[in-house]
Amino acid sequence: MKVAYADPPYIGQANKYPEKQEVDHVELIAKLEAFDGWALSASSPSIYDIVPMFLARGAWVKRYCVFKPNNNPAYAWEPIFFKPARDGSRKKNTVRDWVSANITIRKGLVGAKPPEFCGWLFDLLGMETEDEFYDLFLGTGIVTSSWEIWRNNRRKFE
C-alpha cells in the first residue's frame, strides 16, 4: 500500500515558513486521494475552510501548548483528516480518533510533530511494515524518521 502524510503550512500561516507560499488545499487533497491511505494535518481555525472539502475525523490534543499574551484562545488541538489504508480488523488493536501528545520545541520549524503523534498516525492509517510511506512536506524529517523507527520495531515482532 502507498500511504501519504501532509503537514503543509496551515492556511494563513505560510509567512512563518521560509517559502512563504500558501498551499492550494483543493489540489493537495486531490493529490492525497491518489494514495491508498493518507492523513492531512490542519489548524483548528482552518477547519471552516477545509471541512467543506470533507469531514474531519481525528484530532491531536496538545497536553502542553504555548500560551501567549493577547492570543486568545490558545490553540491546543489540531484536526487530522484521514483515510485509512486498510479497514479495521478484530485482530488489530482499536485506535482512538485522537492522540494526546506534547508539542515539540526547537526542532527547526514551527509545528514539528512529536514521535508519539507519528506512531499514533501510523496506527490510525492501518499501516503495515511493507507499506511505502510518503511525507509530502518533509519539514524537520521527524515524521519520516519516526516511520523508520516504527517500522523497524514492528518487524521485530512479526
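The values are calculated or read from the model by the stated rules, or taken from the named source; none is laboratory data. Keep in mind it's a predicted model, so treat the numbers as computed, not measured. Here the Cβ is made from the backbone with ideal geometry for all residues, glycine too, and neighbour counts use every protein chain on show.
So, of the residues in the range 139-158 that are surrounded by 12 or more Cβ atoms within 10 Å (Cβ to Cβ) and among the basic types (Lys, Arg), which turns out to be nearest to Pro114 (Cα to Cα)? Checked the range 139-158; the qualifying residue nearest to Pro114 (Cα to Cα) is Arg151.
Restricting to the range 126-138, and then to whatever is under 12 Å from the mean Cα position of the chain (by Cα) and modelled with pLDDT under 95, can you tell me which residue is surrounded by the most Cβ atoms within 10 Å (Cβ to Cβ)? So, considering only residues that are under 12 Å from the mean Cα position of the chain (by Cα) and modelled with pLDDT under 95, the one surrounded by the most Cβ atoms within 10 Å (Cβ to Cβ) is Phe137.
Yes or no, residue by residue, for (1) surrounded by 15 or more Cβ atoms within 10 Å (Cβ to Cβ); (2) touching a Leu at 6+ places or on another chain (Cβ under 8 Å); (3) in contact (Cβ under 8 Å) with a residue 24 or more places away in the chain:
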{"position": "Ala39", "(1), (2), (3)": "yes, yes, yes"}
{"position": "Ser43", "(1), (2), (3)": "yes, no, yes"}
{"position": "Pro52", "(1), (2), (3)": "no, no, no"}
{"position": "Arg57", "(1), (2), (3)": "yes, no, yes"}
{"position": "Lys62", "(1), (2), (3)": "yes, no, yes"}
{"position": "Pro69", "(1), (2), (3)": "no, no, no"}
{"position": "Pro84", "(1), (2), (3)": "yes, yes, yes"}
{"position": "Arg90", "(1), (2), (3)": "no, no, no"}
{"position": "Gly108", "(1), (2), (3)": "no, no, yes"}
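Of all the residues that make up the range 52-102, how many are of a type in the set (Lys, Arg) and over 23 Å from Ala6 (Cα atoms)? Of the residues in the range 52-102, 4 are of a type in the set (Lys, Arg) and over 23 Å from Ala6 (Cα atoms). When every residue of the range 46-55 is checked against the conditions, none turns out to be of a type outside the set (D, E, K, R), within 17 Å of the chain's Cα centre (by Cα) and at pLDDT 95 or above.
In this structure, is Asp131 closer than 15 Å to Lys2 by Cα, in contact with a Leu (Cβ under 9 Å, 6 or more places away or on another chain) and either among the basic types (Lys, Arg) or touching a residue at least 60 places away in the same chain (Cβ under 8 Å) (or both)?
Details: closer than 15 Å to Lys2 by Cα: yes; in contact with a Leu (Cβ under 9 Å, 6 or more places away or on another chain): yes; either among the basic types (Lys, Arg) or touching a residue at least 60 places away in the same chain (Cβ under 8 Å) (or both): yes.
Criteria met by Asp131.
Here is the figure for the range 11-53: residues that are under 27 Å from Gly126 (Cβ atoms) and aromatic (Phe, Trp, Tyr) total 2.
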